1. For region 150-273, what is the number of Lys pairs with C-alpha distance below 17 angstrom, counting only pairs 8 or more positions apart or on separate chains?
2. Roll a 1.4 Å probe over the protein chains and send me the accessible area per residue for region 411-541 in Å².
3. For a paramagnetic label modelled at 7 Å from the Cα of S532 toward its Cβ, which residues of region 621-642 fall within the zone defined by backbone nitrogen distances under 19 Å?
4. Please list the non-local residues whose amide H lies under 5 Å from the amide H of T545, H modeled 1.01 Å from N, same-chain partners needing a gap of 5 or more.
5. Excluding ligands, DNA and RNA, what is the solvent-accessible area per residue of region 150-273 at a probe of 1.4 Å, expressed in Å²?
6. For a protection proxy built on the mean count of beta-carbon atoms within 10 angstrom, sort 514-526, 158-170 highest first, please.
7. If N is the number of residues in region 389-429, what value comes out of its Cα radius of gyration divided by 2.2 N^0.38 Å?
8. Residue-wise, which Karplus ³J(HN,Hα) couplings in Hz belong to region 517-523, taking 6.51 cos²θ - 1.76 cosθ + 1.60, θ = phi - 60°, and x for glycine or proline?
Amino acid sequence: GMNAAVRAVVRMGIYVKAKVYFVYEGYQGMVDGGDNIVEVSWESVSSILQVGGTVIGSARCKSFRTREGRLQAACNLVQRGITNLCVIGGDGSLTGANLFREEWNGLLEELAQNGKIDEEAVKKYAYLNIVGMVGSIDNDFCGTDMTIGTDSALHRIIEVVDAIMTTAQSHQRTFVLEVMGRHCGYLALVSALACGADWVFIPEYPPEEGWEDSMCVKLSENRARKKRLNIIIVAEGAIDCHNKPITSEKVKDLVVQRLGFDTRVTILGHVQRGGTPSAFDRILASRMGVEAVLALLEATPATPACVVSLSGNQAVRLPLMECVQMTQEVQKAMDEGRFLEAVKLRGRSFENNLNTYKLLSHKKPDAELPKTNFNVAVLNVGAPAAGMNAAVRAAVRVGITEGHKMFAVIDGFEGFSRGKIKEISWGDVGGWTGQGGSILGTKRTLPAKYLEKIADQMRTNNISALMVIGGFEAYLGLLELSAAREKYDEFCVPMVMVPATVSNNVPGSDFSIGADTALNTITDTCDRIKQSASGTKRRVFIIETMGGYCGYLANMGALAAGADAAYIFEEQFDIRELQANVEHLTEKMKTSIQRGLVLRNENCNENYTTDFIYQLYSEEGKGVFDCRKNVLGHMQQGGAPSPFDRNFGTKISAKAMQWISKKLKETYRKGKIFANNDDSVCLLGMRRRNLVFQPVAELKTETDFVHRIPKEQWWLKLRPLMKILAKYKTSYDVSDSGQLEHVAMHSPKEVETGAI
C-alpha cells in the first residue's frame, strides 16, 4: 500500500501546484543526496498502484541517527528548497523525522557557519514541516485503527491458512502457524479470529500458568467432537507470563509429546510483506496521502508534527509524538508484566478483537452455561454475500454462550414459512468463517405474502427473537414484520438486522458484509485486465460493476484500481461530461500513458449503457486508442471472504447477539416476551467511528425506496479524490479533512461502542 500513498502524495502535491520530490532509499538517500532526491512529474507514479513494496525504496539508515548525518540531510534539502517532508514508515522512522524537525533551526545555523548555505537561506527555509503516514504490517502504532499494509498482510496469512486447512482436513493434522509481530500480536489475533483458530499466542496477552494442560485438553476435545484439524497461531514475539518466549517449535513438541497428534509447523516469514496490496490498503493509502498533503499545506511552526490516520471510517490527524509515546508505553507495560494495561493501550479495536476471539473460540461445558429458555432464530435474506457464514457462526456461538437455544432458518423468509428451521449447535458452525456464499441458503423473497405461515412457525418453534443477516431485502423484511405486529403477537419480539450485501446499499451503515470481498475481486480483475494490454498499442477498458443503483463498488473500485472515470447513478452525467472524459483520455494517451480504465455501475443511466459508452469511446478514440469492454457479473458475489469481511461479520454479529440478550431481559414479562416499540426492531450499522443500533422505523426517512439506496452516502465525498488522482481539475472539499486531535486513552465505557 506504500505505493498508493506515494502516488496520492505526488498527484495531490502537483494538483495544489507544489513541486514534489522523491527521496530514494529512505533517510540514507536524504543523507547521500545527489540522484537520490529527484523532482517528479504526474506520470512518474503511473501504474504503481498495484505494485507491492515501495518503488522509491526504503532502507534502515545508521548515519541519520548521528547529528552529522542529519546535518548533511538538511543541507541536501535546503539546496533544493524543500521544507515539507512526508514520511511513510513505522515508529522509528517517524521519531527520527520529529527529531530532525526539532533540530532543523540549529542544523541550518551550523550549515551557515560552515559556509555551506548563506544567511538568506537560513531565514527563507527557517521551518521544516513534517507529516507522517504509518506503514507497518504489524499494525503496532497507537492512535491508528489500521496502518498501511496491515490488511494486505492479513490477505497473505488468510490465503495460506485457507490452503493449509484443506490439507489438514484430509490428513487429520495439527498445524502451528507462526506469523509476524515481534512486539504486537495484531496479525496473529485477527487471523485467529478470521479462521477460527483453536489457540492463539500473542505478546500482549500471555496465557495463564498451566496453559500447556488447558491447550491440550482443548485440542483433544475438538478431536473428540469430530473436528479433523487443529490450527494454532503463534506471533513471533509470543511470551508466557514470565516473559519467556513461546516458540512455534515448542508448541509443536508439546502437542506431539502429550497428544501424539501429527503436527507440522509453518513459518510464514516475509511472505506477509509481499504481494499485491488489497483494495482496502490502496483506498486507505490514497485517502491518507491526500490528507497528508492537506496537513502539510496547513502546517505552521506552532503546530506539532502530525500523523494522518484512520479512526473507524474517519480520517484524523494526531500529534506524532503522542502516538509514539503511547506506542512505547505498550512495550513498557509488557516488559513490566502489566499485560491488561498493554491490551488497553493498544486501543479499543484491539481489545474488541481479543474479547470476541475469547468469546467464540472456547465453548464452556454445558453445566457452566446459563439457561435462559429463549429460542433465537438466525436467517439469511437477499443475495449471497461473502462473510455471511462468519456472521452466522458468531451469532450461534454467542447465543449459546448467553444461554439461548439457537435455530437456523434455511432459505430466508420463504424457507421460514415452509418450516425449514432446525436447532443448530456450537460444533455445527465450525469452519464456517472461510466459506463464501451462504451455507444456510438465502432468498430475496419478502415476508409480506407469508406472514401467517411465518407467525405459525414462530409460535410452533417458540421463537423469542430474530436475527436477520442480509441486504436491502432484509431491511424491507424487518419493516414488513414490524408493521404486522398489530395483527400478529408472534412478531412482538426483539429483531435485529446485520447488513450483508456486496452492493453496500443498506441505510444506517457505512459498510456491509461482503462489499470488501467484492471490491477486492473488482480490483484484482482490473489489475489483470490492465496487464492484458501491456505491450499492445494504447487501450481503454470499459468495465461494468454490480451494485443495483448504488455506485459504491464502481466508485471505490475506480479508486483502488486507478481508473480514469466511474459513472454512477448518484452523480448524474450528460453527453458533455462523456465527451470531456473521452477528450481527457485522448490527451493522456498522447503522453507516455498506455492504458485507460473506465468503470460503470450497472444502473447508472438507462440510456448511456455499457455498450453505448464503449461505442462512443471507440469512435472518439479512433487513431489514438482502441476499446474493450468487460461485464464482471456474478463473480463479484462469490469467492472466499476477505479478512475484513470475516472479522467485520464476526464482530458485528456477536454485538447484535448481545443486544438481543439485553432486549430479551428487558421485554420479558409474566413468563413471555412482549416487545412492540420501535427500538425493539433495529439495524446494527457502522457509522463513522462507532457501531450503532438504529430502529428500522427511523431509517425510513433516510432511504430512497425506489432506487434502494440511502439518501446520503459517505463515500460520495471521495469522488473528487478519484478525479484528482486521475488528473481532472476539480474542487476538493476540505471541510471533512481531519482536525488535529489528541490520542485518547479509551475508558472501559467507550470500548463498548467498538471500532472495527
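1. Working: K218/K226; K218/K227; K218/K252; K244/K252.
Counting lysine pairs in region 150-273 gives 4.
2. So region 411-541 comes to 35 Å² accessible per residue, rounded to a whole number.
3. Flagged as within label range: 625-638.
4. Long-range HN contacts for T545: R600, N601, E602.
5. Accessible area per residue, region 150-273: 40 Å².
6. Most protected by this proxy first, the peptides run 514-526, 158-170.
7. Working: Rg = 10.5 Å, N = 41, 2.2 N^0.38 = 9.0 Å.
After normalising by residue count via 2.2 N^0.38 Å, the value is 1.16.
8. Per residue, the Karplus-derived 3J(HN,Hα) values read 4, 4, 5, 5, 4, 4, 4 Hz.
The values are calculated or read from the model by the stated rules, or taken from the named source; none is laboratory data. Everything numeric in this text was worked out from a predicted model, so none of it was measured. For neighbour counting, all protein chains shown are included, and Cβ atoms are generated from backbone atoms with ideal geometry for every residue, glycine included. The protein model used for the area step is the full one, side chains on, heavy atoms only, and it has no ligands, DNA or RNA in it. Shrake-Rupley method; radii C 1.70, N 1.55, O 1.52, S 1.80 Å.
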